[in-house]
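Notes follow the structure.
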Amino acid sequence: MVEWLGLLMTSSLSPIIVTGCRRSGTTLLNTILERHPDLLVHPNEPQFFLELFQMFGKQITNLDQAITHVTEHPYCSEAITKEGLSRTFPGVSAVSLQEFAQIYLQIWGGQGMEKTRPVIKHPALILYLDLVFYLFPGAKIIHLVRNPHANISSQRIRWPSASLWECIGWWRDAARAGHELFQNQPEICFELSYENLVNNPEEQLHRLCDFLDIPFSEKLLDFDLQKRIYSPGEEKTGNPMYEEPLKKDAWKQALSPVEVALIERECNGEMAWWGYDAYNPKVSTTKLVGRTIGERLLFLIKTAVRRVKRTDWRG
């Protein structure tokens, strides 16, 4: 138990969390931050932290099961092994999720944690900010936001099975959660629009470095605007699984007028926070209401199917 207690006695880690609605530029920003010498970026989204919370809550009651789940997860760092993680908890069968997450990061980062600050990119965490601050007291949040027309269009390209209503909900819920944190605690939340990052990278990255209290590095500006997604563990070279060329206003060809109208009706208030324009396409009320009913029914059906298929974590 000495090794476990020794790690816990060190100061808790306060990572930088890169989050926001999926397809809002979190991967792009993560790739940029990898170039900063004072930051240590986790190689993949540590989805297992949220999964462990869904399995156990805040108290892990079956440590062996938790260790197996994490070390067999495709997004687990190669620096973490089942044997190594198990040795950290000799004679321990239960531990808090906070302690587990802190120890995972300390083992992953190793001695590099003495000079660098960890960075975790995970879009879904924008909807679990209370959990984030429980796991990592002192964490700082970078909230990415993107024009909902482009974002929702991009979501549907990336996940063709996702309904329009689901994609709208993702954008709106993420926008509300991130903006509320920014308004109430601007000292721990930095809001960054995808458009500003792409169009004015140097200015925005200077602002971000000031927020993080780290020196600006010219290396941050050496990035490729081609958006790419790789499978877990795949070398970030060669052919990507998926590419979406950056084309301004490409969403105008991807979304129909009724889809644009539905997005703007549901997201209008949040769009105003960042000055995103509404195009107000001419769509009949009958057509808009019909599409809304259809989208809601489809969403309810898909949600019910997912519940049936969902693994019983506690079983």
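No value in this document is a laboratory result; all are computed from the given coordinates. Everything numeric in this text was worked out from a predicted model, so none of it was measured. Backbone-built Cβ (ideal geometry, glycine too); neighbour counts: all protein chains shown.
If R0 is 22 Å, the Cβ-Cβ spacing of Trp273 and Asp173 corresponds to a FRET efficiency of close to 0.95.
Loop-located trypsin sites (Lys or Arg not before Pro) in the range 76-133 (DSSP state other than H, G, I, E, B) with a sparse environment of at most 16 neighbouring Cβ atoms within 10 Å: Lys115. Residue separation of Trp159 and Gln183 scaled by 0.36 nm, minus their Cα-Cα distance, works out to 5.5 nm of gained length. Averaging the sequence gap over all C-alpha pairs within less than 8 Å and six or more residues apart, then dividing by the number of residues, gives the chain a relative contact order of 23 percent. Here the dipole of the chain is about 1260 debye; that uses its Cα centre as origin and unit charges on the Cβ of Lys and Arg (positive) and Asp and Glu (negative). Computed from Cα positions, the angle between helix 47-56 and the longest principal axis of the chain comes to roughly 80 degrees.
Counting only Cβ charges, +1 for Lys and Arg and -1 for Asp and Glu, the dipole size of the range 140-206 around its Cα centre is about 320 debye. Our coupling estimate for the range 276-283, obtained by passing each phi through the Karplus curve with A = 6.51, B = -1.76, C = 1.60 and θ = phi - 60°, is 6, 6, 9, 9, 6, x, 7, 9 Hz, Gly and Pro reported as x. Only one residue of Leu29, Thr68, Phe299 has its Cα farthest out toward the positive end of the dipole of the chain, where Lys and Arg carry +1 and Asp and Glu -1 on Cβ, and that residue is Phe299.
Would you mind classifying the range 1-143 by shape? Square roots of the alpha carbon gyration tensor eigenvalues, ordered a ≥ b ≥ c; an a/c under 1.5 is rounded, otherwise it is prolate if a/b is larger than b/c and oblate if not. Judged from the Cα gyration tensor, the range 1-143 comes out prolate (a/c at least 1.5, a/b above b/c). Extending 7 Å from the Cα toward the beta-carbon at both Ser14 and Ala94 defines two label points whose distance is 3.1 nm. Counting GluC sites (Glu not before Pro) as exposed when in a DSSP loop with at most 14 other beta carbons within 10 Å, what is the longest stretch of the chain free of them? Here the longest segment lacking exposed loop sites spans 79-186.
With the helix formula -39500 (n - 2.57) applied to DSSP H stretches of n ≥ 4, the chain reaches a computed 222 nm mean residue ellipticity of -15000 deg cm²/dmol. Counting only DSSP beta bridges with both residues in the chain, tell me the antiparallel percent, nearest 5. Within the chain, antiparallel bridges account for around 25 percent of the total. Each Lys or Arg adds one and each Asp or Glu subtracts one; over the other residues with Cβ under 13 Å from the Cβ of Gln183, this totals -3. Phi-derived couplings, Karplus 6.51 cos²θ - 1.76 cosθ + 1.60 at θ = phi - 60°, listed residue by residue for the range 212-219: 7, 6, 10, x, 5, 10, 4, 4 Hz, with x used for Gly and Pro. Full extension of the chain between Val308 and Arg296 yields a length gain of 2.5 nm, computed as 0.36 nm times the residue separation minus the alpha carbon distance. Only one residue of Asn184, Ser161, Asn147 has its Cα farthest out toward the positive end of the dipole of the range 146-188, where Lys and Arg carry +1 and Asp and Glu -1 on Cβ, and that residue is Ser161.
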